[in-house]
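Presented below is the structure to which this report refers.
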Amino acid sequence: MSDEGKCEVCNREATQKCGGCHVVHYCSKEHQKADWKKHRKVCKPFKILNDEKLGRYLVATRDIKLGEVILQEPPLIWGPTQVTVPVCLGCGTAIKEDNYKPCTKCGWPVCSEICEKSPSHIPECQYTVSKGSKVCISTFGTIHPTYQCITVLRCLYQKQFLSDIWKKLDRLQSHCEERKISGKYEKDRIMVAQFILGFFKLRNIFTEEEVLRVCGIVTINGHEVPLTTPSHVAIYESTSMFEHRCSANCNKTFTDQGSILIKCGTHIKKGEHLSICYTDPLWGTANRRHHLYESKFFWCSCERCTDPTEFSTYFSAMRCQNGNCTGYLLPPTFIINNVNEKLPDWKCNKCSSVSSAHHMQDLLDRIGQDLQDLPKGESRAAKDFIKTYEKYLHNNHYYLTDVRFALTQLMGHEDQRGLPGLDEDDVELKARLCQGLSKLIQILAPGETRMRGLVLYELHATIAELGRRGGDPHQLTFALHEAKKVLQEAAELLKNEPACLQEGKVYKQALKNIKEIDVVLMTLHTNIGSSPS
């Protein structure tokens, strides 16, 4: 706090910094208090820098603690995803033939008079009224192509009428040149750009190139928001500057009102880049990189992707099938930045065994298809899958990890008996699965708190159940203390999750369970203390 600068209020020499952002200086506490009403709007623990390769990115201006909220901001724009069933354009929820009304002005379906008057609905409503005829949506429950224009149209409305919001949107990347070589660009040109210009009669206001650039802004910067059914897409200004890492140090969630909330997932030191994961961190390297190229138009080369072993977890590795060899097969690198480039052979890390990339991909595709066909909600089927394919996949492989996570959420929840209805082997199995998953997630995706919070919640229940089955009050007391510690960590990881989602509901249940454990511990303490030693 000793770097010299100019006081934000009086411009005199100052050595004190704002404790929130460590960027702005003040000569006294009085001037800091006087400036807070203005400064609080921009006080964040990061600053924006620019790089030729990264573009705009964020760097921590001070040490940031694990679990600290780094940013919370409302969307600049929100709207339906490009592929969606008909939804209410006021609130985003799916509508059916028996639960909607056409907007009295434009005809677009809404679910209530309140949603008809929603500010979000103004752009498409105004453009529809201006063209001179109402929209008529008559099919529900299936994908409707007309909706793919809405979010882009809402951005264009800002360009024409609301320059302050448009300036923020206009600064975001669109990757138009990269998108031109993809089939998606041509599809957007026909299905979105030409439709908007023709259907809404806007050719004298916007060019095809302008519409396509907005399509790119939505594609590159849009975040899927799971607060509605189906999910909608939203664009956030500052969040768009968080760079991508497959082992990110931050994670995102949402408030019940639709604001995005970025939270610190690890201890971040001053000067470190702030990152979130743009894809699923628990996919294999090849899948993550391909998805990022297809959806965000870049090939990831982060420290996790450049390490074939993924921090020695062998998350994408296959077991060697050469006799009694205990080694694992991996390619020398996953960093192939050309879809037409020949992929390298996979080699065993212990023997001389080599398999072609084509053979390995064929095997993975077949296992992936079996996973896709796996009956949902059946723990027996999940156990059988693991038993069958652990012979071919590394114990940490992403397919096995996916099924193990599902198994932790199933066991003890398949009927009303709960955990007490499981035999001891299954309770111990669930405990081992939870412990293994928690450790693996911390290594691969330290910023990922949502999944780990759910795993720890299930772990606490198995610890308590095993303690109960021991029959020894002292052993139960110890187990409940351990369960409470794990549960408190789970609650901390899930505390910012929206109440309408499963994670938010688990958080509320975790708080309730902590109180119940305290009651049992107090009773045990009274009983054990009053019994003869």
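So here's what we get for this one:
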item: Relative contact order (%) - the chain, alpha-carbon pairs under 8 angstrom, separation at least six; result: 11 percent
item: Distance histogram in 10 Å bins (all Cα pairs of segment 427-488, percent per bin); result: 25, 48, 22, 5
item: Hull volume in cubic angstrom per residue (convex hull over the Cα atoms of segment 161-239); result: 124 Å³
item: Estimated Rh, segment 54-135: Kirkwood, alpha-carbon pairs, angstrom; result: 15.5 Å
item: Computed Rg/Rh of the chain, alpha carbon atoms with Kirkwood Rh; result: 1.01
item: Peptides 261-268, 495-502 ordered by average Cβ neighbours within 10 Å, highest first; result: 261-268, 495-502
item: Prolate/oblate/rounded label for segment 251-348 (Cα gyration tensor, a/c 1.5); result: prolate
item: Above-threshold pairs, the threshold being 30 Å between Cα atoms, out of Lys47/Lys495; Lys134/Lys296; Lys269/Lys347; Lys29/Lys65; Lys29/Lys485; Lys44/Lys187; result: Lys134/Lys296; Lys269/Lys347; Lys29/Lys485; Lys44/Lys187
item: Largest-first principal axis extents of the Cα set of segment 411-530 (Å); result: 46, 30, 29
item: Translational diffusion of segment 58-200, µm² s⁻¹ [Kirkwood Rh, Cα pairs; Stokes-Einstein; 4 °C; 1.567 mPa s]; result: 76 µm²/s
item: CD proxy at 222 nm, helix term only [per DSSP H run n ≥ 4: -39500 (n - 2.57); per residue of the chain; nearest 500]; result: -13000 deg cm²/dmol
item: Pair Glu294, Thr142: separation of 7 Å Cα→Cβ label points (nm); result: 2.4 nm
item: Segment 305-376 - Rg over Rh from alpha carbon coordinates, Kirkwood radius; result: 1.00
item: Shape call, segment 127-200: gyration tensor on alpha carbons, a/c limit 1.5; result: oblate
item: Ellipsoid semi-axes in whole angstrom, largest first, where each is sqrt(5λ) of the Cα gyration tensor of segment 338-482; result: 36, 17, 14
item: Overall form of segment 235-290 per C-alpha gyration tensor (a/c, 1.5; a/b vs b/c); result: oblate
item: Length released on extending from Glu52 to His358, taking residue separation times 0.36 nm less the Cα-Cα span; result: 106.5 nm
item: Linear extension gain, Lys439 paired with His267, 0.36 nm per residue minus alpha-carbon span; result: 60.2 nm
item: Calculated Rg and Dmax of segment 12-68 using C-alpha coordinates, Å; result: 13.5, 42
item: Linear extension gain, Gln160 paired with Lys342, 0.36 nm per residue minus alpha-carbon span; result: 60.8 nm
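Readers should treat all values here as calculations from the given coordinates under stated rules, not as data from a laboratory. Everything quoted here is computed from the prediction, not taken from an experiment. We place every Cβ from the backbone using ideal geometry, glycine too, and count neighbours over all the protein chains shown.
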